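Each remark here refers to the structure printed beneath this line.
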Amino acid sequence: MTTLTKRKIAEAVSERLGFSVRCSLKLVEALCGEIKAALRSEEKVKIVRFGTFSAKEKGARRCINPVTGEPILIAPRRTVVFHPSRNLKAAVNGRGGLSGTDRSAPRENPLP
């Protein structure tokens, strides 16, 4: 299994849209920054036909330190939750789903 990095996403955007890799990387970074900022301010991030990101509060909980066996209290915290759309689930399971995901051929530049 390989990993899809921001750089690889930027290269794919560059190929598809005809932007420079540098410009595409800035676009990917800006998108990630907007998602982070929205989650920090407790907004949901919904990307149609992809999924929804949201921040969830996790309460404090007690557990046992596996090394010492002593009880400890884990502080409350926020975590990120992702709920995939039906289209994304279908695409992952090989039943169609997402449009515009064919990586085999670059698209024509949709911008004037």
Choice from Ile74, Ile35, Ile47 showing the highest fluctuation, given a GNM over the chain with Cα pairs closer than 10 Å | Ile74
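Please work out how much length the chain gains when fully extended from Lys8 to Lys58, using 0.36 nm per residue of separation minus the C-alpha to C-alpha distance, in nm with one decimal. Could the numbers behind the result be given before it?
Details: separation 50, 0.36 × 50 = 18.00 nm, distance 3.29 nm.
Full-extension gain reported as 14.7 nm.
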With label points set 7 Å from each Cα along the Cα-to-Cβ direction at Glu34 and Phe82, the distance between them in nm comes to 1.8 nm
With a 10 Å Cβ neighbour count serving as the proxy for reagent exposure, in which order, fewest first, do Thr2, Thr68 appear?
-> Thr2, Thr68
Report, to the nearest 10°, how far helix 21-40 tilts away from the longest principal axis of the Cα atoms in the chain, using its own Cα long axis and a range of 0 to 90°.
-> 30 degrees
Can you tell me the 0 to 90 degree angle between the C-alpha axis of helix 6-17 and the longest principal axis of the chain, rounded to 10?
-> 20 degrees
Please report the base-10 log of the normalised intensity I(q)/I(0) for the chain, using a Debye sum with one equal scatterer per alpha carbon and no solvent, at each q in 0.22 (1/Å).
-> -1.29
In straight Cα distance, which lysines are under 22 Å from Lys46, not counting same-chain residues fewer than 8 positions off?
-> Lys6, Lys26, Lys36, Lys56, Lys58, Lys89
Spatial separation of Cα centroids for region 51-76 and region 3-49, in angstrom | 31 Å
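Any read-out appearing in this document is the output of simple, stated calculations on the displayed coordinates, not a laboratory observation. Owing to the predicted nature of the structure, the values given are computational and were not obtained by experimental measurement. Every residue, glycine among them, receives a Cβ derived from its backbone with ideal geometry; neighbour counts consider all protein chains shown.
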